[in-house]
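Just below is one structure, and these are the notes that go with it.
The values are calculated or read from the model by the stated rules, or taken from the named source; none is laboratory data. Treat the numbers as computed from the prediction; the structure is a model and nothing was measured. Here the Cβ positions follow ideal geometry from the backbone for every residue, glycine too, while neighbour counts run over all protein chains shown. In case anyone asks, the SASA skips ligands and DNA or RNA and just uses the protein heavy atoms, side chains included. Shrake-Rupley method; radii C 1.70, N 1.55, O 1.52, S 1.80 Å.
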Amino acid sequence: MTTFEPVALKILSSLQDEGRLTNQELSERVGMSTSPCWRKVRQLEETGVIRGYRADLNRRKLGLGVLAFIRVKIDSHNETEADAFATEVARLQEVVACYSIAGDSDFLLQVVSADLDSYADFAMSVVRRLPRIKEMQTTFVLKEIKSFEGFPVGL
């Protein structure tokens, strides 16, 4: 596990909460002058700890009312076949996250869709046709109790 100095943790936490902070605002929040703060942020960016800055969008206001998870088993577990599946999945806009998992399935896809009909079309005409799919099972989200809002910095 990587350990970070306390000021770096404060920077990461602040930027994760509000990525549009100016360097001046950030330096005030973390209690350091602007130049060292800017250098620390650049270092965190260059080392890949900070991967980028994004807006936090409301999927429902974008017309994406359905959130589902699809567990997928593929019929071959060799690296080439798994890579081919992963490459195809990465191209699908509806798939907002994909994980290779342990257990009774091989992959877990997080999918968004406008409604159940469009989800059904996507699942049957796109996902079912991905290479080497043996089995797929969908779980629909009925209510988001806690959605992803960031990583626990300093855990």
Margin query: Looking at K146 and the list (1) over 30 Å from I11 (Cα atoms); (2) assigned to a loop (DSSP other than H, G, I, E, B); (3) among the basic types (K, R), which single condition is not satisfied?
Written below: (1)
Next item on the list: Output the residue which, of all residues in segment 132-143 that are aliphatic (A, V, I, L, M) and not in a loop (DSSP other than H, G, I, E, B), is modelled with the lowest pLDDT.
Entry: I133
Margin query: So S35 ticks every box in (1) touching a Ser or Thr at 6+ places or on another chain (Cβ under 8 Å); (2) in a helix (DSSP H, G or I) but one. Which box is left unticked?
Written below: (1)
Notebook entry, point to check: Just for segment 71-125: of the residues that are assigned to a loop (DSSP other than H, G, I, E, B) and open to solvent by less than 50 Å² (accessible area, probe 1.4 Å), which one is modelled with the highest pLDDT?
Noted result: L92
Next item on the list: Kindly establish whether K61 is charged (D, E, K, R), assigned to a loop (DSSP other than H, G, I, E, B), farther than 30 Å from F85 by Cα and open to solvent by 40 Å² or more (accessible area, probe 1.4 Å).
Entry: yes
Note to self: Which of the numbered conditions does R129 fail, given that it passes all the others? Conditions: (1) closer than 22 Å to I74 by Cβ; (2) at pLDDT 95 or above; (3) open to solvent by 60 Å² or more (accessible area, probe 1.4 Å).
What the structure shows: (2)
Checklist line | Pick from segment 132-144, criterion closer than 15 Å to A84 by Cα and in contact (Cβ under 8 Å) with a residue 60 or more places away in the chain, ranking: most open to solvent (accessible area, probe 1.4 Å) | finding: K134
